[in-house]
Amino acid sequence: SDHMENIYGYLMKYTNLVTGWQYRFFVLNNDAGLLEYFVNEQSRHLKPRGTLQLAGAVISPSDEDSHTFTVNAASGEQYKLRATDAKERQHWVSRLQICTQHHTEAIGKNNPPLKSRSFSLASQGSANSPGVQRRPSQNAVSFFNVGHHRLPAGKRVPIMQPDHLVDVREMMSQAEGQQRDLIRSIECLPVSGHLTSLDQDLLMLKATSMATMNCLNDCFHILQLQHASQQKGSLPAGTAISWLDPKISLANHFKNGAAQNFPAEVNKPASVREEQSIAEPCQLTREPEEVNPDEELEDICDDKEDDLGAVEEQRSVILHLLSQLKLGMDLTRVVLPTFILEKRSLLEMYADFMSHPDLFIAITNGTTPEERMIRFVEYYLTSFHEGRKGAIAKKPYNPIIGETFHCSWRMPKSDVATDAGSNFPAHSSSEQVTLSKDREGQTELDYYTVKFVAEQVSHHPPVSGFYAECVERKMCVNAHVWTKSKFLGMSIGVTMIGEGLLSLLEHGEEYTFSLPCAYARSILTVPWVELGGKVNINCAKTGYSASINFHTKPFYGGKLHRVTGEVKQNMTNTVVCRVQGEWNSVLEFTYSNGETKYVDLTKLSVTRKRVRPLEKQGPFESRRLWQHVTESLRDGDIDKATEHKRALEEQQRNEERLRAETETPWCTKYFLKDGDGWVYHKPLWKTVSTVQTQQTDTN
């Protein structure tokens, strides 16, 4: 009650897209439980421009910055407000939450329980209302028949174990589903008659049920903190266990006063509950796992993104999203609609860049430094075509922190070029299929094996690390990439910040390289991908370098997907190879001796990667982690895919907040921080040098 004083002052209020943010004078009337605003302080004696009832409201600080917060009233109306700084926001949020809690509790005490009024929500309404599900003899309270378990006399409450927390999470998921079902049933009532959707008690039931679920979520969070403290011995000094911001936003249920469409299921699907329970931080083992390539099977997935599908149907949603964005806006924290997603994770996309392992292995077979640099450039330029799945530009899943992807490739040694004139084995696509079948009967000694592992090592900023190696040829590549997206009007630009390092241990050479920018063009019609920017490849030991330009299409005229480049010897500044063409079509290589070679990427054979079956994958491996999202997208069920995706993302946010509050650092599994980059924990250059040292000591 000490904090129940009236407060007032200027805040910025978001009005609409045209008007934007405007300063308004706000008054918190604690006695009446109202938040009022005026044009300015001088007009305070006049009628308020707007008023919100705070009973049952949800006050939510925004994640987008430290100044913004929203007030979501039980009526469905929402104020989006911005304070001058974080301290002022905290002052307003605290006072608003205290006032809201006080008036919500007061209403609960002053009103009799709804069960004293005998009616059935689902059985009310007109007979011609198709949206009403009839459930005879069922009233509103029956939606919350939560069982209470009594402990035998003299028994102490046991310490909460991790599996108990999972059980609690599952029960809460069921309760949240029932609460949504309750609101859906209320919304299905007619707007006139004996019992309507605007009934005062039913509106209050919506608000109190929402407050109840928020309270339960807060309690569950405190249980998580207590369990974390038991694991660590005690909470760090200064850690405060306090009520959190509401987890369920009323705006999700009532947007501008309109009823929302809720899933027909009373409870969340079991798969969603599984997604929510797999990421308990206290149960995670961060020990690196050695994946046996023999357990991996040739991949049979072929999810080409050539159909607009839901993108065409959801044009209005895209327009609405674009209306909320500004030129140059960072899209890292913007949640994009599910229907524009590819059916694979970004980590798997990086693996698909390795779909020509024969060209990768052939790099080290070059007999001279010049030849090896040219071979690397040839491999580099052929990798992007297969990295894109189809002609339609869609976005891969954003990996969650700790997500991993493993795969491998097996290449018959006879398919790998050994001389300068045979970099590209002449197999047609039909011959490649026959080869793939014949390879199953060959012995392991006939193969080179290229192993690949990727891990999402950071969430903010989103950084991925990936590593590939061919032990037989003593070569490996290590890279880290930070993807940064920006809105550019009718396109989206993605900058690939980071660096890769190719190590050819047989020759003692290291090649550093970067990645081009990517652009999703024509996002309102048929979106397509374009690469742009300049990348460099350097080998300090040999003095050879390559400069490659990915050209974006000019506004008028010009070709799509054009790329040019040159390889030169830095000491003499001599150009030894030039390349031009399209990175997704035909490339032309011209060498210093006058010879020219053409590579048609559309006819270049692709080696399918090998992946473990889902049942053998860990819970954080990409395909198993996203399997329900992928299945729903394949079935065309966008709503279900969105629900599964939201469950994964919400779990990631909860775990991140828990780690911050318990001051628990995130531990990566396969990659270690090295300066500004990330390096695989057991790179081949360490293994080979260790073996050589041991052999030297033995001799």
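How far, in nm, would the chain grow between TYR598 and GLU506 when pulled straight, counting 0.36 nm per residue and subtracting the alpha carbon separation? It would help to have the intermediate numbers written out before the result.
Working: separation 92, 0.36 × 92 = 33.12 nm, distance 2.90 nm.
Separation in residues times 0.36 nm, less the Cα-Cα distance, equals 30.2 nm.
Above 24 angstrom, tally the Cα pairs of segment 7-107 and express them as a % of all pairs, no decimals. Taking all Cα-Cα pairs of segment 7-107, the fraction more than 24 Å apart is 16 percent.
Take the Cβ-Cβ distance between ASP167 and ASP201 as r, set R0 to 41 Å, and report the resulting FRET efficiency rounded to the nearest 0.05. The computed FRET efficiency comes out at 0.80. Between LEU46 and GLU290, the modelled labels are 7.8 nm apart [label points 7 Å from Cα along Cα→Cβ]. With the simple model of a label 7 Å out from the Cα in the direction of the Cβ, GLN174 to SER62 spans 3.9 nm. I need the shape label for segment 530-606. Rule: rounded when a/c is under 1.5, else prolate if a/b > b/c, else oblate, with a, b, c from the alpha carbon gyration tensor. Judged from the Cα gyration tensor, segment 530-606 comes out prolate (a/c at least 1.5, a/b above b/c).
The figure for SER66 is an accessible area of roughly 50 square angstrom, using a 1.4 Å probe on the protein chains alone.
Could you compute how fast segment 447-576 diffuses translationally, taking Rh as the Kirkwood radius over C-alpha pairs and applying Stokes-Einstein at 10 °C with viscosity 1.306 mPa s? Give it in µm² per second.
Working: Rh = 17.0 Å.
Stokes-Einstein gives a translational diffusion coefficient of 93 µm²/s.
Take every DSSP beta bridge whose two residues both sit in segment 7-107; close to 100 percent of them are antiparallel. Residue order by solvent-accessible surface for LEU381, LEU46 is LEU46, LEU381, largest first, with ligands and nucleic acids left out and a 1.4 Å probe. With the simple spin-label model, which puts each label point 7 Å out from Cα in the Cβ direction, the ALA540 to GLN627 separation comes to 4.5 nm.
Applying 0.36 nm per residue to the separation of GLU5 and ASP31 and subtracting their alpha-carbon distance, the gain on full extension is 8.5 nm.
The slack between SER94 and LYS553, meaning 0.36 nm per residue of separation minus the straight C-alpha distance, is 160.0 nm.
Among VAL688, VAL471, VAL39, the sequence by solvent-accessible area, most first, with a 1.4 Å probe is VAL471, VAL39, VAL688.
The values are calculated or read from the model by the stated rules, or taken from the named source; none is laboratory data. Bear in mind the structure is a predicted one, so any value in this text is a computation, not a measurement. Glycine gets a Cβ as well: all are built from the backbone with ideal geometry, and neighbour counts include every protein chain shown. The accessibility values were calculated without ligands, DNA or RNA, using every heavy atom of the protein model including side chains. Shrake-Rupley method; radii C 1.70, N 1.55, O 1.52, S 1.80 Å.
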